[in-house]
Amino acid sequence: MKSIYVVGIGPGAWEKMTIEAHEALKACDTIIGYTVYIDLVKDHYPDKEFLSTPMRKEVDRCVLAFEEANKGKQVAMICSGDAGVYGMSGLMYEVGEKYPEVELKIIPGVTAALGGGAVLGAPLIHDFCLISMSDLLTPMEKIEKRLEAAGEADFCICIYNPSSHKRKDYLQKACDILLKYRSPENVCGYVENIGREGETVKVLTLQELRDTEVNMFTTVFIGNSQTKNINGKMVTPRGYRNV
């Protein structure tokens, strides 16, 4: 049976890719992905064919992968982070209903919450949630409801896509919602360009975060009410009472 690997390549750095992901890409004839992600792996697989589509052409990218597989090629569809966390695996299964002769093999990767969390310290030790601030596919009203619920439930929150050229004030809006439930001194952090050139990390308060400009390559972490700043690291206690 024909197959396609759907591969999470991690946050960007070569050493953060899993061995399984590397072996899958080595075994492929053709690697397909968003242009930015292709650039992250291209130099490591010089003998492969690379095909890409721009942002917002995800369905076209999926169809391209299935069509190439039907030509007899071993194909890999790559995503940054993990293919199943704001990645391509779900859409590949949906498009794949029209290609029952092609099997999907999902290869997990290190998502930004984990890669960024490791840089910051230990922000996600206890219950946490991921919320994307991108309203391209999700109405802002629903995003705001999720922030309200997460704030009230005292989750640690990891925010993907916190800002862009068209959404400069979205992180500020998120912080304003969470300030209804958290102290202005609540410990937060962010990492820009996780595992890539120009990686930047900062631990700061929720009030400071509200007044900070970030970009779409930044992952934001908002601690729960127990999260601490320990020697410049963001640490959420596991909850053991005797510590």
- Given the conditions (1) touching a residue at least 12 places away in the same chain (Cβ under 8 Å); (2) assigned to a loop (DSSP other than H, G, I, E, B), report the number of the one that Val119 does not fulfil. (2)
- Can you work out which of the residues in the stretch 205-228 that are assigned to a strand (DSSP E or B) and touching a strand residue (DSSP E or B) at 6+ places or on another chain (Cβ under 6 Å) is most open to solvent (accessible area, probe 1.4 Å)? Lys228
- Task: Scan the stretch 65-72 and give yes if some residue there is without any contact (Cβ under 8 Å) to a residue 60 or more places away in the chain and outside any loop (DSSP other than H, G, I, E, B), otherwise no.
- Result: yes
- Message: Return the residues of the stretch 155-203 that are of a type outside the set (Gly, Ala, Ser), on the phi > 0 side of the Ramachandran plot and out of contact with any strand residue (DSSP E or B) (no Cβ under 6 Å at 6 or more places or on another chain); say none if nothing qualifies.
- Response: Asn193
- Message: Here is a list: Arg196, Arg241. Which entry is surrounded by fewer than 17 Cβ atoms within 10 Å (Cβ to Cβ), over 20 Å from Val85 (Cα atoms) and modelled with pLDDT under 95?
- Response: Arg241
- Message: Filter the stretch 106-127 down to the residues that are open to solvent by less than 20 Å² (accessible area, probe 1.4 Å) and farther than 26 Å from Ala24 by Cβ and list them by number.
- Response: Leu120, Pro123
- Message: With the structure loaded, tell me whether Ser163 is open to solvent by 20 Å² or more (accessible area, probe 1.4 Å) and small (Gly, Ala, Ser) or whether it fails that test.
- Response: no
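A quick yes/no check of all residues on (1) open to solvent by 80 Å² or more (accessible area, probe 1.4 Å); (2) within 15 Å of Ile9 (Cβ to Cβ); (3) assigned to a loop (DSSP other than H, G, I, E, B); (4) touching a Leu at 6+ places or on another chain (Cβ under 9 Å):
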position	(1), (2), (3), (4)
Tyr37	no, yes, no, no
Asp47	yes, no, yes, no
Cys62	no, no, no, yes
Leu104	no, no, no, no
- Note on the structure: Selection over the stretch 1-22 where residues are modelled with pLDDT of 95 or more, closer than 17 Å to Asp82 by Cβ and surrounded by fewer than 19 Cβ atoms within 10 Å (Cβ to Cβ) yields a count of 4
- Item | Filter result for the condition that a residue is within 14 Å of the chain's Cα centre (by Cα) and of a type in the set (Gly, Ala, Ser), over Ala65, Ala113 | Ala113
- Item | Within the stretch 134-157, considering residues that are at pLDDT below 95 and either in contact with a helix residue (DSSP H, G or I) (Cβ under 9 Å, 6 or more places away or on another chain) or open to solvent by less than 70 Å² (accessible area, probe 1.4 Å) (or both), the one nearest to Thr218 (Cα to Cα) | Ser134
- Note on the structure: Restricted to the stretch 169-187 and to residues being part of a helix (DSSP H, G or I) and aliphatic (A, V, I, L, M), the residue most open to solvent (accessible area, probe 1.4 Å) is Ile177
- Item | Candidates Glu141, Glu94 - the one that is closer than 30 Å to Lys73 by Cβ, free of Cβ contacts under 8 Å to residues at least 40 places away in the same chain, out of contact with any Cys (no Cβ under 6 Å at 6 or more places or on another chain) and in a helix (DSSP H, G or I) | Glu94
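The values are calculated or read from the model by the stated rules, or taken from the named source; none is laboratory data. In this text the structure is predicted, and so the values were computed from the model without any measurement. Cβ coordinates were reconstructed from backbone atoms using ideal geometry, including for glycine residues, and neighbour counts include every protein chain displayed. Accessible surface areas use protein heavy atoms only, side chains included; no ligands, DNA or RNA. Shrake-Rupley method; radii C 1.70, N 1.55, O 1.52, S 1.80 Å.
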